[in-house]
Amino acid sequence: MTLMPFVFHGCLAVRELVGPEAWDARALLEGVGQVSDEMLFTHTAGTMLRRPVQGDAWPNDFALWAATELGDQALAERLAMVDVFDAGSLDALRANLVAVLEDHLHRGPVATAPVPAREPFVFLRSHVVPVPLGVTASTLREFRDGLAVVDASALFYHVVEVRYRLGRDRGDFAEWTEQGLGRADLAERLTRIDAHVGSLERIRDRCLSVLEDALVTS
Amino acid sequence: MAGPVRITLDDYRAVAPRGAVDFVLRLAETVRGRRLVHVTASRYGGGIAATLNRVLPVVNALGVETTWEIIVGTAEFDAGARSLALALHGTEQVVTEAMLERLHATCVDNAARLPLEGDLVMVHGGAPFLLVDRRPDAGRWIWRGHGDLSAPQAQVWAFLRRFLPRYDAAVLSRRSFAPPLPIPRFLIAPAVDPLDDRNRDMSRLEQAQRLDRLGVPRDKPYLVQVGEFTRTQDPQGVINAYRLVKKRHDVRLVLAGPEPSDSSTVLDEVREAAQADGDVVPVVLGGAADADLNALERGATVVVQKPLRADFALDVACAMWKGKPVIGSPVGGIPDQIVPHATGYVVSTVEGAAFRLRNLLNSPELIGRMGAAARETVRHRFLITRDLADHLGLLAHLTK
């Protein structure tokens, strides 16, 4: 029996074009240095909300742009490996992006003449609208059942948004399983799920595996 | 064959991603009681009119009072509005001061007549654009620009731009379509309706009957491009790619498009190619062609969309929804829909298209895998349920 039920929330991102525009890697570097933390989040972890099943696509907008518009495969690959999940904070994310771009601009052919892109990179801001999904859980089984049916955006909201943008340490799932269910072991396992597995549906699968295990063994 | 007359949100449960319909229901609860007004130039035709016809009953059933108003004017106004639409999309037109003044006057007349009080008023396209000059103070007014508006005709844009600050925001379909604006710009990609005639499930029998009637033999695999018989759609480029493929693979090429509005040399050229090679099959579609296109796409092995210039090109998503890999050109919204190497390929040349086609035809298992991924991509990103959620989200955000 638990004291506080878990209330599943989904979310939706209203995307707003705000600029600046970058036509080459140098301008992208300047943009990355200027824009808000929130906008960096939008273009990195935030992209998961727009591709809940495509785990093998470029994992952030910067890498996608470098590959498709700039035609710079090397830069795309390096940017693909920069994410807030490894960086741990948005400050660190920005520092890592700046480091990759600076390094790339100081060596190779782009050092002397950055190549212009086919289309510019335009910075976006996402206005996240949380939506209570009307699904609650008071037991581990209800939690598993709820997680299996809710919209994929719930994974984004409870695992990615609250943890990496709103700064709630472990994410809502781990927090509730420990505080609500008294299952520190489960919280630990849920915390360890790598949000960089590629897609929200893969995160869901991993979470469900952990919960299934817990149900079998409890 | 007509689809269901009246669609409800529940009808989409079978095709939308898990939880997506409930998400829309819950999102609608957060904006229940608010009033949304759409204004367009017509209630008929494809594009936004088709979408609104489907979506309006659904949104109203969710408790969000939604109305749809039409701007009306004289034949001269209609002609001016058509020129305006083309000019906004970058096709140079002769647009006189008198035409612009007539557009303005018609909008002023309509503004006095139409019930335009809403929490959110969404004005679609160019014809009703100037209604905003007589907007009430209450409510939020949004201009919804469809298609590529990045390079409008300067003279026309200079005139319209004066009125833009009267809007609270604009909604565009993709980043590159957005002109610089003095108001906030939001992005909502268009979507396909999986239950309409173009995309609904179709029995093999119906598919076969439709292909037979269209004159498309079913004895060997075929590639298809759907698009008008114009230079912009580059059917010649597709034929050239097919010819490179044909050296190694016994396939057909179907080029399907509507009857050209004027005497088309492009269609003549395609017919000439078809005379020289019986495996090139031009299909000129009649008026209500959605179900025929559905059958053509379902029967194809690989779909090609290789225009030289395009708006969002939702034909790509339509083909992907039928589980087909798509080889497309890097124009308009095509790169937004194809996930390279996962659901198809983005190519810039005839040779690139031929190379990818041959690659796919040599790997039937890859066709299956990419087709399945293509359908899932559309399910999550380009279905009308996502579009509905995006619009409700915008309503929630702008009227909170």
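Rounded to the nearest 10 degrees, the inclination of helix A:25-34 to the longest alpha-carbon principal axis of chain A is 50 degrees. The fewest-to-most ranking of B:Trp157, B:Trp321 by surrounding Cβ atoms within 10 Å reads B:Trp157, B:Trp321.
Just how many % of Cα pairs in the range A:66-218 lie over 28 Å apart, if you round to the nearest whole percent?
Every Cα pair in the range A:66-218 considered, those over 28 Å come to 36 percent.
Placing unit charges on the Cβ atoms of the charged side chains and taking the dipole of the protein assembly as shown about its Cα centre, the candidate lying farthest along the positive direction among A:Ala25, B:Val15, B:Gly147 is B:Val15. Scaled to the globular estimate 2.2 N^0.38 Å, the Cα spread of the range B:167-241, given as radius of gyration, is 1.71. Over chain B, dividing the summed -39,500 (n - 2.57) contributions of all DSSP H runs of at least 4 residues by the number of residues returns a 222 nm mean residue ellipticity of -13000 deg cm²/dmol. With all pairs of separate Cα atoms included, chain B yields a Kirkwood hydrodynamic radius of 22.3 Å.
Pairs of lysine residues in the protein assembly as shown that meet both criteria, 8 or more places apart or on different chains and Cα atoms under 19 Å apart, total 7.
Please compute the net charge surrounding A:Phe85, taking Lys and Arg as +1 and Asp and Glu as -1 over other residues with Cβ under 11 Å from its Cβ. Working shown, then result.
Values: positive: A:Arg163; negative: A:Asp83, A:Asp86, A:Asp194.
Taking every Cβ under 11 Å from that of A:Phe85, the sum is -2.
Where in the range B:57-155 are there GluC sites (Glu not before Pro) that are in a DSSP coil and have at most 15 other Cβ atoms within 10 angstrom of their Cβ?
Here the sparse-neighbourhood loop sites are B:Glu92, B:Glu117.
What separates the Cα centres of the range B:251-314 and the range B:338-378 is a distance of 19 Å.
Fewest to most neighbouring Cβ within 10 Å: what's the order for B:Ser263, A:Ser153? Write down the numbers at each step before the final one.
On the way: B:Ser263 7, A:Ser153 29.
Fewest-to-most ranking of B:Ser263, A:Ser153: B:Ser263, A:Ser153.
I need to check one value: relative contact order of chain B, counting alpha carbon pairs closer than 8 Å and at least 6 residues apart, in percent. So the answer I get is 15 percent. For the protein assembly as shown, a/c is less than 1.5, where a ≥ b ≥ c are the root eigenvalues of the C-alpha gyration tensor. That puts it in the rounded class. In this Cβ point-charge picture (+1 for Lys and Arg, -1 for Asp and Glu), the range B:243-331 has a dipole of about 560 debye about its Cα centre. Between the Cα long axis of helix B:75-88 and the first principal axis of chain B there is an angle of about 70°, rounded to the nearest 10. For the range A:42-47, backbone phi angles converted through the Karplus equation (6.51, -1.76, 1.60; θ = phi - 60°) give residue-by-residue couplings of 4, 8, 10, 4, x, 5 Hz, Gly and Pro being listed as x.
To make sure I understand, if each residue's beta carbon is the centre and we count other beta carbons within 10 Å, what order do A:Arg141, B:Arg18 fall in, fewest to most?
Working: A:Arg141 13, B:Arg18 16.
Fewest-to-most ranking of A:Arg141, B:Arg18: A:Arg141, B:Arg18.
A cut-off of 5 Å between modelled amide H atoms, ignoring neighbours fewer than 5 places along the same chain, links B:Glu259 with B:Leu285. For the residues of B:15-22, the average number of beta carbons from a partner chain within 10 Å of their own beta carbon is 5.
Each Lys or Arg adds one and each Asp or Glu subtracts one; over the other residues with Cβ under 9 Å from the Cβ of B:Leu293, this totals -4. Applying the Karplus relation 6.51 cos²θ - 1.76 cosθ + 1.60 with θ = phi - 60° to the range B:44-54 yields 3J(HN,Hα) values of 10, x, x, x, 5, 4, 4, 5, 5, 4, 7 Hz, where x marks Gly and Pro.
Centroid-to-centroid, using Cα positions, the range A:54-101 and the range B:169-222 are 31 Å apart.
Dipole size of the range B:22-126 about its Cα centre, with +1 on Lys/Arg Cβ and -1 on Asp/Glu Cβ: approximately 360 debye, rounded to the nearest 20.
Taken together, the values in this text are just the output of simple stated rules run on the coordinates, not laboratory data. Values in this document were obtained by computation on a predicted structure and should not be read as measured data. All Cβ positions, glycine included, derive from the backbone under ideal geometry; neighbour counts span all protein chains shown.
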